[in-house]
Amino acid sequence: MLHKLSQLFQKSTKTRHRHHLNEKSSQFTQQVITSTCFWRNPPQLQTIFEQLLPKLQTAKPQTLRLGVHAGSIGCEAISLQMASNYYQFPRPIEIVSTEIDSKAVQKARRGKFEPQHFLEPGSADHTLLPPELIEQFTKRACFNKIQIKQNLLKQIKFEQCDLASRSATLQFGQFDLIFFQNAIVHINPDAAQQCVANLIETANPNSLIFLGGTAGDQLSRLAHQFNLLPLNANNEMVYNGWSWRQSIWGQFPSSHLGMEPFDAQHADAQYRYAHVFALETGRDFWQPFIDNESVAQ
Ligand SMILES: C[S@@+](CC[C@H](N)C(=O)[O-])C[C@H]1O[C@@H](n2cnc3c(N)ncnc32)[C@H](O)[C@@H]1O
C-alpha cells in the first residue's frame, strides 16, 4: 500500500502543478487550508489515547466529546477517530470538526482525498498512517483519490464555523477535548485571541485545550492571558512531532511557521513548547501533569 500511495502521489503532483499554474487568486489561503495530513503528529495521538483520555474518563462516565476546530479538510478529526480504534479506547467518543472554509467542509464530508494527504508533509512517499488503518478505513476511488470508508466518516460531524464569532462557536455545545492546532499562526493576533476566548467558553471544567503548532511567544502570551495551565505530556516529542519535514527541507524550523528548536533550558519552556493546556478549574484533576515550579499559581 505504501508503494501504491507513492505511485499515486507522483501522478497527482503533476496534475496539481498544472492546476496551480491556472490559479489566479487565493493560492496562499488554499495552501494554508490544505496544509494538513492524516496522522500528522503520531506522538501526540499516542499521548492522548494512552495517557490523557484514560485519565479524563475516570472523571466523566458519559461519552467524551472532542471539538476539532480549524479542522481544514478533516484529516485531523478522521485521524482522531481512527486513533480511538487503533488504541482500542474502550468508550465511544463524539467528534465535531469545524472549519471556516465551506469548500474544505464539503471535502471533509465527502471524505475523498488526494494521496498527498496521506504523506508526511514534505515527503514524497512516506506515510505516517499505520498500514493497518489504511487497509481498514480507506479504499481506492477514481481519479487517483482515496476514499475514507463511510462507517468511519459517518461518526464525525463536519460543520462550518468562524471561531472568531462567539455565537457560531457556542452552538456546538461543550467539549472535553478542544483542538485548535496549526491555526493560530495563520490568523491575525486579535482574531486568534477571540477564537481562543470563544473556545474556552465551550470547555467543561476538566477539559483540555490543544493549541500546538504555533510560535512559542504567541502561545505563551495566549496561555498566560487566559490562565491556561500547560501540561507535561511528552511535550518535547510532540513539539518535535510537528517538524517531520526537517529531514527533507533541512534545518528545523524551515518549514513549520514560527516554531523554534525545542530548548528545555528556556525559562518559559513549560508554556512555549506545550501542546495541551488545562483550565484553572481543572488544576487539581490534572495536577499529576502540571509542573508546579514553572506554572503560575
Ligand atoms: C493549517 S490548517 C490546520 C488544519 C488542522 N488543524 C491541522 O492541524 O492539520 C488551518 C485552518 O484554520 C482555518 N481557519 C482560519 N481562520 C479560522 C477561523 N476564524 N475559524 C475557523 N477556522 C479558521 C483555515 O481555513 C485552515 O483550514
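The values are calculated or read from the model by the stated rules, or taken from the named source; none is laboratory data. These figures come from a predicted structure and were not determined experimentally. Positions of Cβ are generated from backbone atoms using ideal geometry, with glycine treated the same way; all protein chains shown enter the neighbour counts.
Which one is nearest to Y86 (Cα to Cα), of the residues in the range 124-140 that are in a helix (DSSP H, G or I) and of a type in the set (A, V, I, L, M, F, W, C)? Break it down into steps so the answer makes sense when it comes.
Taking the range 124-140 and keeping what is in a helix (DSSP H, G or I), we get 131-137.
Next cut, of a type in the set (A, V, I, L, M, F, W, C) only: 133-134, 137.
Values: L133: 8, I134: 11, F137: 11 Å.
Here the residue is L133.
When the range 171-186 is examined, which residues are found to be in contact (Cβ under 8 Å) with a residue 60 or more places away in the chain and among the aliphatic types (A, V, I, L, M)?
Initially, the range 171-186 is screened for residues in contact (Cβ under 8 Å) with a residue 60 or more places away in the chain, giving 172-183, 185-186.
Within the range 171-186, L177, I178, A183, V185 qualify.
Among the numbered criteria (1) in a strand (DSSP E or B); (2) touching a strand residue (DSSP E or B) at 6+ places or on another chain (Cβ under 6 Å); (3) in contact (Cβ under 8 Å) with a residue 12 or more places away in the chain, which single criterion is violated by P205?
If we test P205 against (1) in a strand (DSSP E or B); (2) touching a strand residue (DSSP E or B) at 6+ places or on another chain (Cβ under 6 Å); (3) in contact (Cβ under 8 Å) with a residue 12 or more places away in the chain, just (2) comes out false.
Can you tell me how many residues in the range 119-130 are away from the ligand (no atom under 13 Å from the Cβ) and either over 21 Å from Q150 (Cβ atoms) or buried (at least 19 other Cβ atoms within 10 Å of the Cβ) (or both)? Before the answer, list the steps.
In the first step, residues of the range 119-130 are kept if they are away from the ligand (no atom under 13 Å from the Cβ); the result is 119, 122-127, 129-130.
Cutting the leftovers down to either over 21 Å from Q150 (Cβ atoms) or buried (at least 19 other Cβ atoms within 10 Å of the Cβ) (or both) gives us 119, 122-127, 129.
Of the residues in that region, 8 qualify.
So which residues in the range 180-195 are assigned to a helix (DSSP H, G or I), modelled with pLDDT of 95 or more and buried (at least 20 other Cβ atoms within 10 Å of the Cβ)?
Residues of the range 180-195 assigned to a helix (DSSP H, G or I): 184-186, 189-195.
Subsequent filtering for residues that are modelled with pLDDT of 95 or more retains 190-195.
Of everything in the range 180-195, those that are assigned to a helix (DSSP H, G or I), modelled with pLDDT of 95 or more and buried (at least 20 other Cβ atoms within 10 Å of the Cβ) turn out to be A192, C195.
From the residues in the range 27-83 that are more than 9 Å from the ligand (Cβ to nearest atom) and among the charged types (D, E, K, R), which one is farthest from V105 (Cα to Cα)?
Among residues in the range 27-83 that are more than 9 Å from the ligand (Cβ to nearest atom) and among the charged types (D, E, K, R), the one farthest from V105 (Cα to Cα) is K55.
Take F118 and tell me if it is under 15 Å from the mean Cα position of the chain (by Cα) and aromatic (F, W, Y). Outline the logic, then answer.
Working: under 15 Å from the mean Cα position of the chain (by Cα): yes; aromatic (F, W, Y): yes.
Here the answer is yes, as F118 does meet what is asked.
How about the range 84-109: which of its residues are farther than 17 Å from T47 by Cα and either more than 16 Å from the ligand (Cβ to nearest atom) or among the β-branched types (V, I, T) (or both)? Write out each step before concluding.
Just the residues of the range 84-109 that are farther than 17 Å from T47 by Cα, to begin with: 92, 94-109.
Across the range 84-109, the qualifying residues are P92, E94, I95, V96, T98, I100, V105.
If I ask for residues that are more than 10 Å from the ligand (Cβ to nearest atom) and either in contact with a Leu (Cβ under 6 Å, 6 or more places away or on another chain) or under 11 Å from Q218 (Cβ atoms) (or both), which ones from the range 179-200 would you list?
P189, Q193, V196
Name the pairs: first residue in the range 58-70 and closer than 26 Å to C195 by Cβ, second residue among the acidic types (D, E) and within 16 Å of the ligand (Cβ to nearest atom), Cβ to Cβ under 8 Å, at least 6 apart or on different chains?
Short answer, once both residue conditions are applied: V68/E76; H69/E99; A70/E99.
Within the range 159-178, can you find the residues that are closer than 19 Å to V276 by Cβ, more than 7 Å from the ligand (Cβ to nearest atom) and either of a type outside the set (S, T, N, Q) or in contact with a His (Cβ under 9 Å, 6 or more places away or on another chain) (or both)?
Restricting attention to the range 159-178, the residues satisfying the condition of being closer than 19 Å to V276 by Cβ are 163, 174-178.
From what is left, the residues that are more than 7 Å from the ligand (Cβ to nearest atom) are 174-178.
Scanning the range 159-178 gives F175, D176, L177, I178.
For N206, which of the numbered conditions (1) surrounded by fewer than 21 Cβ atoms within 10 Å (Cβ to Cβ); (2) over 26 Å from E293 (Cα atoms) fails to hold?
Just one mismatch for N206, condition (2).
Hey, can you tell me all the residues within the range 267-284 that are in contact (Cβ under 8 Å) with a residue 40 or more places away in the chain, surrounded by fewer than 18 Cβ atoms within 10 Å (Cβ to Cβ) and not polar (S, T, N, Q)?
Keep residues of the range 267-284 that are in contact (Cβ under 8 Å) with a residue 40 or more places away in the chain, which gives 268, 270-283.
Retained after the next criterion (residues that are surrounded by fewer than 18 Cβ atoms within 10 Å (Cβ to Cβ)): 268, 280-281, 283.
Passing the criteria: D268, E280, R283.
Is there a residue being modelled with pLDDT under 95 and touching a Gly at 6+ places or on another chain (Cβ under 6 Å) anywhere in the range 163-179?
For the range 163-179, residues modelled with pLDDT under 95 and touching a Gly at 6+ places or on another chain (Cβ under 6 Å): absent.
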